[in-house]
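Read the figures in this text as sums done on the coordinates, not as results from a lab. The model shown is predicted, which means the values in this text are computed figures rather than measured ones. FYI the Cβ positions are ideal-geometry reconstructions off the backbone, even for glycines, and counts take in every protein chain you see.
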Amino acid sequence: MRHILIIIALSGAVTAAQAAPATIEGSWHGSGIVSYPKRAERVECRVRYTPATAQRYLVSSQCATDNGRYDLTGTVTRVGGNRYSGWVGSGGQTGRVELVQHGDRLAVTVTNRRGSGRLTLARS
């Protein structure tokens, strides 16, 4: 009986450790597509997430398309489990950003009134 309780306790600890969401802190890189009303283009980005508080991260990114290079900054906040939401901007333009973390991958969606972008990032 005692061994069964120990096994149950250990399996609960392992499950809790596996269920704990990983942090997005650090450097990421990846690519995706930016879509506008009449065109779409490939984008490549390098992104750094720096903790501001326990749930909020500062965002600093450099992205490039065939039409130019863009430096974006902003913040995202954990809204539950593996999901984050916030704002990024550059040159007077801002966009809503949504992140979903899957281990060492991030699915990123950015939207504003001029278009949208979807990227997949991996840890650098």
* Between Ala52 and residues 5 or more places away or on another chain, which pairs have amide H atoms under 5 Å apart, with H built 1.01 Å from N, and which residues are they? -> Tyr57, Leu58
* Asked: Most exposed first by the Cβ proxy, i.e. fewest other Cβ within 10 Å, how do Tyr36, Tyr57 rank?
  -> Tyr36, Tyr57
* **Whole-Hz couplings from phi, Karplus 6.51/-1.76/1.60, listed for the stretch 83-93; x for Gly and Pro** => 10, 9, 9, x, 9, 10, x, 6, x, x, 9
* Asked: Karplus couplings for the stretch 108-123 from phi (6.51 cos²θ - 1.76 cosθ + 1.60, θ = phi - 60°), rounded to Hz, Gly and Pro as x?
  -> 10, 10, 10, 9, 8, 5, 9, x, 8, x, 10, 9, 10, 10, 10, 4
* Asked: Of Ala107, Tyr49, Pro37, which is farthest on the positive side of the dipole of the stretch 22-123, counting Cα position, with +1 on Lys and Arg Cβ, -1 on Asp and Glu Cβ, and the Cα centre as origin?
  -> Pro37
